[in-house]
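> Below is a structure I'd like to ask you about.
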């Protein structure tokens, strides 16, 4: 039976090398193969005058070299792992999106070659994270960090249970604590609490929300009894809370679609903010298709 691999995009940058190491450890932990892919987007304007295919041959050699180096990086951290190198010539984003149809997990660095140094997220990473058919991990901030809790953002969306399952499994596999962050609006608007002379009662919904979250977590606590769980309730914007938590975390897990997003998009505003600002790797959970 064919096992879907973890696929990591490599381009030879330091960010890419961190992604390769993270992907190798994750594939080893999951017990699945790793495929290292590099798509070299060569200059077609020059290539049209390349009668002897010199540009194409050079592009292939560069792609093979970058892939070989990435495979070596992966073997250093996971020597027992089955690793395949996959150098191709073409546009990286479409290739990675095609790969996502058969991958168990797609891993990317947050920045690639080219572009503007001031940007926080590369165009390829953002496009793939937004449109991939499988779950995506973007290696950000402190890189392939292995210490700290796993943090998960939870709401009442249709993918919430899948997100929780992924987060609990990730925490169990890393023997780490799981922080569960849940943001909700209070019964009384927040602006009222800042007005003098108005007595604002404690929101009645607090107890209800805590009871609801406890029920949501119960089956996963039973399945993973050895995972320590810390719950964080907040009325603040969940993205800002998760970004702050990422400074101490080794992984932040969120769903691929949140409330109020346009139908057809695969990434909500929380996920997008994390991909731009998180201080650790970000795991965007995409439920299996079909």
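> Step by step: first the residues of region 161-206, then only those that are assigned to a loop (DSSP other than H, G, I, E, B) and modelled with pLDDT of 90 or more, then the one that is farthest from residue 233 (Cα to Cα). Which residue is that?
Looking at residues that are assigned to a loop (DSSP other than H, G, I, E, B) and modelled with pLDDT of 90 or more, I get 175.
Here is a yes/no grid of residues against (1) within 13 Å of the chain's Cα centre (by Cα); (2) outside the structural domain of residue 22 (by TED's automatic domain parsing); (3) within 24 Å of residue 96 (Cα to Cα); (4) crowded, with 17+ Cβ neighbours inside 10 Å:
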position	(1), (2), (3), (4)
135	yes, no, yes, yes
154	no, yes, no, yes
162	no, yes, yes, yes
170	yes, yes, yes, yes
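> May I pose another question? Sort out which residues of region 102-121 are exposed (fewer than 14 other Cβ atoms within 10 Å of the Cβ) and at pLDDT 85 or above, and write them in order of number.
Result: 102, single match.
> Sticking with this structure for a sec: Can you find, within region 43-101, the residue that is surrounded by the fewest Cβ atoms within 10 Å (Cβ to Cβ) among those that are at pLDDT 85 or above and either on the phi > 0 side of the Ramachandran plot or part of a strand (DSSP E or B) (or both)?
Filtering first and then ranking leaves 84.
The values are calculated or read from the model by the stated rules, or taken from the named source; none is laboratory data. The shown structure was predicted, so the numbers you read here are calculated from the model rather than taken from an experiment. So basically every Cβ, Gly included, is an ideal-geometry build from the backbone, and we count neighbours across all protein chains shown.
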